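Student: Before I ask anything, here is the structure I am working with.
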Amino acid sequence: MKKYRIDASKGMEFGLYSLGDHILNPLTGSRISAQQRIQELVEVSQLAEQAGIDVFGVGESHQKYFASQAHTVILGAIAQATQKIKITSSATVLSVLDPVRVYEDFSTIDLLSDGRAEIVAGRGSRVGAYQLLGVDLQDYEEIFEEKLELLKQINEQERITWQGNYRAPLQNAEILPQPKDGSLPIWRAVGGPPASAIKAGHMGIPMMLTTLGGPAMNFKHSVDVYRQAAENNGFDAQSLPIGTTSLFYVADTNNEALQGMYPHLNSGFQAIRGSGYPKQQFAQSIDYRDALMVGSKELIIEKLLYQHELYGMQRFMAQLDFGGVPFDKIMKNIEMIGNDIIPAIKKHTREKGE
Amino acid sequence: MKIVIISGSIVGTKTKTAMLKTEEIFLQKYPEHDVQLLDLADYQIEYSDGRNYIDYEGDTKYVTETIMNADALIIGTPVFQASIPATLKNIFDLLPIHAFRDKVASVVVTAGTAKHYLMVEQQLKPILSYMKAQIVPTYVFIEEQDFLRKEISNDDIIFRLNRLAEDTVTTFDAFEAIRIKKDEAYGF
């Protein structure tokens, strides 16, 4: 775990992440400017740090209703604005980028932040980035596998000789600058189903698993097959961290949380997926067994501890700004996370006797 | 209420004839509703490649968005090789898995003979159920012999199409009332 800068004796890490979505606030019908949205991301990272949150992530998405396409630039600003919070992508759409360039960027952020940078690499679930940056969707699967392998290899070797199908070969190349400790924590972003969890395990790379909603138990299978695949391919599964992610909204009561989150969730889904969030399904999320992180702080704590028991993850990442959630509500969420949720979670997930 | 009538084939005349008649009945019976006929023959539609429907362009985007915005769908299909035509299946493939949630779906089917009269039960309805449609149980099965030179010549079919239109609107009204009542009960 040390290689991934994770200290299990301190308990499960709690992080925040944003996709950088730029959607109107359904309650006011208006949308803040892209400039304000980006500046607020930096501001939220500072508030998160003050609240004792461990990690802050920004992702990239290249289509309508998003503002953080240049997520590495925003992460660079966050590196300057903060002192101790870890900084990660959430996620980097590696398939449309050059792994060498990605590594250069994140090594630089690592140096700027004194060793706090991480990469979560994903394939992207939309086609915008592929169309805009000219990457053939036909190669969707293979291009990601090849680029992630290369990124991992760059991280592990000082000089690299490499040949593949989707990038020019590298001859004894030195990728500079090097990150602070010589390597970066690099995670593979995994959707719900087990197929990519198996690929992550097989590659021996930390897994960031989305658990956006539905029964938490459903994701347990992906965790199990991830560890199994790692062991089968000669890796020590116990040394590989797992993170989970979910949409998040906490309020004083369960009902207030439902009322506060629903308009944003529903209009956010409508904007980026073309269909809203069914109320019946949403109503069921007020149950510790459901993965969607909505409820009172007591319920959120219960959900997190239940999931920690199920998955044994080292990190949980919360997305609390989806769908035009205004800044004051984000602040209120962060306050409750810092004051109540993190202390409870840390206390119960600390590894004893290490 | 937005009613979209789909003519699910790009060849032949029977399904188109039946759906034009269906449109005429809806317009006459329900002038207060928004009725639109989508004849797939009028559009250049891509094959589904798995992306979200909002990420397509052109006709594909237009047709899928029109369907997604409907409250009720009247799906007209011929019988090709004991099943629905590929053009219609492609429409389903382009849409999300829960595309027909809170929508009512009715079916009009045309065929050369009655040999495949259970095709809708065995093939089309399972797809509509999976996509979460509220299906009007009875459908109108129209054979070649019911047509005469691009007109429906069997009065029974006309009566049945009229009943299908009524059942579609009634079913939507009923489920809409249930949905509103349930949504109010949630309190968010």
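The values are calculated or read from the model by the stated rules, or taken from the named source; none is laboratory data. Bear in mind that the values here come from a model prediction, so they are computed numbers and not experimental data. Cβ coordinates were reconstructed from backbone atoms using ideal geometry, including for glycine residues, and neighbour counts include every protein chain displayed.
Student: Which pairs turn up if I take residues in region B:139-154 that are modelled with pLDDT of 95 or more and look for partners that are acidic (Asp, Glu) and surrounded by 11 or more Cβ atoms within 10 Å (Cβ to Cβ) with beta carbon separation below 9 Å, at least 6 apart in sequence or on another chain?
Tutor: B:TYR139/B:GLU121; B:ASP146/B:ASP156; B:ILE152/B:ASP146; B:SER153/B:ASP146; B:ASN154/B:GLU143; B:ASN154/B:ASP146
Student: Right, next: How many residues are under 29 Å from A:ASP114 (Cβ atoms) and part of a loop (DSSP other than H, G, I, E, B) when one looks only at region A:165-178?
Tutor: 4
Student: Being at pLDDT below 95, closer than 21 Å to A:MET313 by Cα and out of contact with any Cys (no Cβ under 6 Å at 6 or more places or on another chain): is that true of A:LYS2 here?
Tutor: yes
Student: Looking at region A:49-72, which of its residues are farther than 18 Å from A:ASP105 by Cβ and touching a helix residue (DSSP H, G or I) at 6+ places or on another chain (Cβ under 6 Å)?
Tutor: Once the filter is applied, which keeps residues that are farther than 18 Å from A:ASP105 by Cβ and touching a helix residue (DSSP H, G or I) at 6+ places or on another chain (Cβ under 6 Å), region A:49-72 yields A:ALA51, A:GLY52, A:GLN63, A:TYR65, A:ALA67.
Student: Checking B:GLY187 against (1) free of Cβ contacts under 8 Å to residues at least 40 places away in the same chain; (2) away from chain A (no Cβ under 14 Å), which single condition isn't satisfied?
Tutor: So the condition that B:GLY187 fails would be (2).
Student: Would you check if B:ILE25 is away from every other protein chain (no Cβ under 14 Å) and within 23 Å of B:ILE158 (Cβ to Cβ)?
Tutor: The answer is yes for B:ILE25.
Student: Here's something else I'd like to know. Considering only region B:31-46, I want to know if a residue exists there that is assigned to a loop (DSSP other than H, G, I, E, B) and closer than 19 Å to B:MET119 by Cα.
Tutor: no
Student: Which one of A:TYR249, A:TYR226 is within 14 Å of chain B (Cβ to nearest Cβ) and not in a loop (DSSP other than H, G, I, E, B)?
Tutor: A:TYR249
Student: Could you tell me whether B:LEU124 is in contact with a helix residue (DSSP H, G or I) (Cβ under 9 Å, 6 or more places away or on another chain) and either outside any helix (DSSP H, G or I) or within 14 Å of chain A (Cβ to nearest Cβ) (or both)?
Tutor: no
Student: In the set A:LEU299, A:LEU304, A:LEU292, A:LEU310, which member is of a type in the set (A, V, I, L, M) and under 30 Å from B:ARG51 (Cα atoms)?
Tutor: A:LEU292
Student: Give me the residue from region A:100-135 that is buried (at least 18 other Cβ atoms within 10 Å of the Cβ) and among the charged types (D, E, K, R) and, out of that set, nearest to the other protein chains (Cβ to nearest Cβ).
Tutor: The extreme case among them is A:ARG126.
Student: Give region B:50-67 a look and list any residue that's within 17 Å of A:GLN63 (Cα to Cα), surrounded by 14 or more Cβ atoms within 10 Å (Cβ to Cβ) and either among the aromatic types (Phe, Trp, Tyr) or more than 8 Å from chain A (Cβ to nearest Cβ) (or both), or say none.
Tutor: Listed by number, the residues that qualify are B:TYR53, B:TYR56, B:LYS61.
Student: Of the residues A:GLN157, A:GLN138, A:GLN153, which single one is without any contact (Cβ under 8 Å) to a residue 24 or more places away in the chain, surrounded by fewer than 18 Cβ atoms within 10 Å (Cβ to Cβ), within 14 Å of another protein chain (Cβ to nearest Cβ) and among the polar types (S, T, N, Q)?
Tutor: A:GLN138
Student: Output the residues belonging to region A:273-290 that are more than 8 Å from chain B (Cβ to nearest Cβ) and assigned to a helix (DSSP H, G or I).
Tutor: A:GLN281
Student: Free of Cβ contacts under 8 Å to residues at least 12 places away in the same chain and not basic (Lys, Arg): which single residue out of A:GLN178, A:GLN163 fits that description?
Tutor: A:GLN163
Student: Within region A:255-262, can one find any residue that is within 30 Å of A:ARG5 (Cα to Cα), crowded, with 24+ Cβ neighbours inside 10 Å and within 22 Å of the chain's Cα centre (by Cα)?
Tutor: Within region A:255-262, not a single residue is within 30 Å of A:ARG5 (Cα to Cα), crowded, with 24+ Cβ neighbours inside 10 Å and within 22 Å of the chain's Cα centre (by Cα).
Student: Suppose the filter is in contact (Cβ under 8 Å) with a residue 24 or more places away in the chain and within 14 Å of chain A (Cβ to nearest Cβ); does B:LEU95 pass it?
Tutor: yes
Student: Okay, moving on. Taking region A:303-337 as the search range and keeping residues that are part of a helix (DSSP H, G or I) and among the aliphatic types (A, V, I, L, M), which one is surrounded by the most Cβ atoms within 10 Å (Cβ to Cβ)?
Tutor: Once the filter is applied, the top-ranked residue is A:LEU304.
Student: Name the single residue, out of those in region A:1-53 being under 16 Å from the mean Cα position of the chain (by Cα) and part of a strand (DSSP E or B), that is surrounded by the fewest Cβ atoms within 10 Å (Cβ to Cβ).
Tutor: Applying the filter and picking the extreme gives A:ASP21.
Student: Looking only at residues that are among the β-branched types (Val, Ile, Thr) and in a loop (DSSP other than H, G, I, E, B) in region A:202-223, which one is surrounded by the fewest Cβ atoms within 10 Å (Cβ to Cβ)?
Tutor: If we take residues in region A:202-223 being among the β-branched types (Val, Ile, Thr) and in a loop (DSSP other than H, G, I, E, B), then A:ILE205 is surrounded by the fewest Cβ atoms within 10 Å (Cβ to Cβ).
Student: Would you be able to tell me the number of residues in region B:68-95 that are among the hydroxyl-bearing types (Ser, Thr, Tyr), surrounded by fewer than 22 Cβ atoms within 10 Å (Cβ to Cβ) and assigned to a strand (DSSP E or B)?
Tutor: Qualifying residue count for the region: 1.
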